[in-house]
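**Student:** I have a structure here, written as structure tokens, and I will follow up with some questions on it.
Every read-out reported here was derived from the displayed coordinates using simple, explicitly stated rules and does not represent laboratory data. Only a predicted model underlies this, so the values are computations on that prediction, with no experimental measurement involved. Here the Cβ is made from the backbone with ideal geometry for all residues, glycine too, and neighbour counts use every protein chain on show.
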Amino acid sequence: MIEVQGVSKRYGGVEALRNVSLTVPNGKTLGLLGQNGAGKTTLLNIITGYLAPTAGRVLIDGYDPLLEPENAKRELGYLPEHPPLYDEMTVEEYLRFVSALKLVQGKAIPAHLREIIRKTGLTEMQERLLGHLSKGYRQRVGLAQALCGDPDVLVLDEPTVGLDPKQITEIRALIRRLSAGKTIIFSSHNLSEVRQLCDRVVILHRGEVKLDVPIGEVGQSGAVTLLCTVQGSEKRLVAAMSHLDGVRSVSALPGAQEDEVALSLSFDPAALPEKQVFTLCSAMSTPILRMARCDDDLEQVFLKAISE
Amino acid sequence: MEGGFKVTTVFKREFMAYFRTPIGYVFIGVFTALSGLLFYLNNLSTLSGELLIFLSQLTLLVMLLTPVLTMRLLCEERQRRTDQLLLTSPLSLWKIVLGKYLAAAAVMGIAIVLTNVCTAIIALYGTVYPGEWFVGYLGFALQSLAFLALDMFVTGFTKNQVPAAIAAFAANFLLWMLDLLADKVPAGFPADALNFISLYGRYEPFILGQLSFASVLYFITFIAVCLTASVRVMDARRFSQGGSA
């Protein structure tokens, strides 16, 4: 079980995490969503004991990684954002080294390595130098090292980032197979990945937890979300759209270009949102540059969470 | 012996890494070649059988070259982000630092052993007294290990290897020269303190063929303090360093 209790992290004047609390029960998979700079990697680094929090604490199966590192980290496998590989070692040498670090008994290492290498599809690569591997295989070796010692808790930081579609499918399938009986927390930008693999989702935005719900409860509001980009004043547009029929919420999304406003609008299902927005913008002489319904429940929830 | 086992694991990887990259070969090659040159200038060309003088002159080489061995130990791990593997494993910082230090010491040990070719040449054409040989090499080895420990501590502050090596060389030079500096400050506590710390001052009895237990104890304490400081630097970084979020 992973328990994060009121964790804050400050780098000089920058507050990377603010009072973050979450729990991943045994055998469950938690997906950590957030934009770049949301604090995901910092949080995962704190969970694994690589960084110390400014306030709060983390418990891995009841042990604090900073105070009782040997107990806490014995059951921890970590795949950081950049796999920690020694380029001058072969795949087999590297995994043997990591197994020894994770206290696998010497006699058990060969069988343990065979199992991990088979699981991660590295059989043909085991004699290759790590420095000669492609990005996809480096990621696989990173995942393989996280499995050394057969840890109960896996922390994976964007495990599929930078991979091609085939590799992404393979890594996801591997994580799905591993999730049986393991406690997993992983960060991702990919909403469909989180939906496929997780029992629970946490959305982190600017260092704060904006949402923490079981994946099954995501998108049960029955609302229709419209995403549109309009040229005009944000203040005027938000105020005007708030008075449309059946509107539940209007929020401006970050990242729009100058003179443009990106809006997320939530409507009752019967409200004819496109027609109303078109009519209003036409009356206000504010050209609509893009408009689309957002059919993805998780995407709607994510956009709403980060725009609040 | 779980703890010892884990130190051995780090030691083996680090030692192997020296010889999977050019660093180990370059260090041993350059050290051996330059020590051969010093031996030629001091002993062969002057027909001198003075082993201890030869060893004392090797100190300059050690000061110059130990940063090459230590610059990769901590800062390269940070640069390549492989420290995330070590620091999230069930391994104490002490064992990580000790394993790495012993690997660098082992490479240094090979270089020191190879200088005995010069001893053999002296023995072939003159006389090498076993006691003198023992004391000379003990002092030389302890001083080399002290420089390694100091450099490991200094290079732990940065993740860029070139500034790390330059800073380590500067630290070596400063500590070695402290006794000269002591002559320039007022007599009393400052001068005594500088003389006490100076690595050259501590090495001097060995050059004279004297086995100084005070110096042996000093070098061992110095090494322990530097390694402890390296551990503290790594530990403090958990609280200060930034993530990529």
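**Student:** Return a whole-number percent for the relative contact order of chain B, with Cα pairs under 8 Å and 6 or more residues apart as the contact set.
**Tutor:** That works out to 26 percent.
**Student:** Once you list every other residue whose beta carbon is under 11 Å from the beta carbon of residue A:77, what net charge do they have if Lys and Arg are +1 and Asp and Glu are -1?
**Tutor:** +1
**Student:** Determine the principal axes of the Cα atoms in the protein assembly as shown, then give the extent along each, sorted from largest to smallest and rounded to whole angstroms.
**Tutor:** 105, 60, 40
**Student:** Provide, as a two-decimal number, the C-alpha radius of gyration of the range A:1-143 over 2.2 N^0.38 Å, N being how many residues it has.
**Tutor:** Cα-based Rg divided by the globular estimate yields 1.18.
**Student:** Further question: Please report Rg (one decimal) and Dmax (integer) in Å for the Cα set of the range A:98-249.
**Tutor:** Over the range A:98-249's Cα set, Rg and Dmax evaluate to 21.6, 72 Å.
**Student:** Separate question: At a 10 angstrom cut-off on C-beta neighbours, averaged per residue, how do the peptides B:204-211, B:181-188, A:157-164 rank from highest to lowest?
**Tutor:** Highest-to-lowest ranking by the protection proxy: A:157-164, B:204-211, B:181-188.
**Student:** Add -39500 (n - 2.57) for each DSSP H run of 4 or more in chain B, then divide by its residues: what number comes out at 222 nm, to the nearest 500 deg cm²/dmol?
**Tutor:** It comes out at -25500 deg cm²/dmol, rounded to the nearest 500.
**Student:** Further question: For residue A:51, list long-range residues whose amide hydrogen, built 1.01 Å from N in the peptide plane, is under 5 Å from its own amide hydrogen.
**Tutor:** Placed amide hydrogens put A:46 under 5 Å from residue A:51.
**Student:** Convex hull over the Cα atoms of the range B:2-240, averaged projected area in nm²?
**Tutor:** Mean orientational projected area (the range B:2-240, Cα hull): 14.6 nm².
**Student:** In whole Å, what three semi-axes, largest first, describe the equivalent ellipsoid of chain A built from its Cα gyration tensor (square root of 5 times each eigenvalue)?
**Tutor:** Square roots of five times the eigenvalues give 43, 21, 17 Å.
**Student:** Where the convex hull is taken over the Cα atoms of the range B:13-117, what is its projected area averaged over directions, in nm²?
**Tutor:** Mean projected area for the range B:13-117: 7.1 nm², to one decimal.
**Student:** Shifting gears a bit: Give me the percent relative contact order of chain A, please, defined on Cα pairs under 8 angstrom at least 6 residues apart.
**Tutor:** Contact order relative to length: 19 percent.
**Student:** Related question: Relative to 2.2 N^0.38 Å, what does the C-alpha radius of gyration of the range B:166-207 come to as a ratio? Two decimals please.
**Tutor:** Normalised Cα radius of gyration, the range B:166-207: 1.17.
**Student:** Would you work out which of B:123, B:158, B:143 lies farthest towards the positive end of the dipole of the range B:2-240, given +1 charges on the beta-carbon of Lys and Arg and -1 on that of Asp and Glu, about the Cα centre?
**Tutor:** B:158
**Student:** Further question: Can you compute the helix-only [θ] at 222 nm over chain A? Use -39500 (n - 2.57) per DSSP H run of at least 4 residues, normalise by all residues, nearest 500 deg cm²/dmol.
**Tutor:** -9500 deg cm²/dmol
**Student:** In terms of modelled amide H atoms, which long-range or inter-chain residues lie less than 5 Å from the amide H of residue A:19?
**Tutor:** HN-HN under 5 Å from residue A:19: A:8, A:9.
**Student:** Something else: How shielded is A:79-87 by partner chains, expressed as the average number of their Cβ atoms within 10 Å of its Cβ atoms?
**Tutor:** Mean shielding count: 6.
**Student:** Sticking with this structure for a sec: With viscosity set to 0.890 mPa s and temperature to 25 °C, compute the Stokes-Einstein D of the range B:139-205, Rh being the Kirkwood radius across alpha carbon pairs; µm²/s, no decimals.
**Tutor:** Stokes-Einstein gives a translational diffusion coefficient of 193 µm²/s.
**Student:** Tilt of helix A:109-119 relative to the longest C-alpha principal axis of chain A, in degrees (0 to 90, nearest 10)?
**Tutor:** The answer is roughly 30 degrees.
**Student:** Checking the table A:135/B:6; A:102/B:100; A:166/A:304; A:9/B:100 against a 20 Å threshold on Cα-Cα, which pairs fail?
**Tutor:** A:135/B:6; A:166/A:304; A:9/B:100
**Student:** Also: Cα extents of the range A:213-281 along the three principal axes, largest first, in whole Å?
**Tutor:** Ordered largest first, the range A:213-281 gives principal extents of 38, 26, 15 Å.
**Student:** Using only C-alpha atoms and all pairs of different ones, pull out the Kirkwood radius for the range A:125-214 in Å with one decimal.
**Tutor:** Taking the inverse mean of 1/r over all distinct Cα pairs, the range A:125-214 comes out at 14.3 Å.
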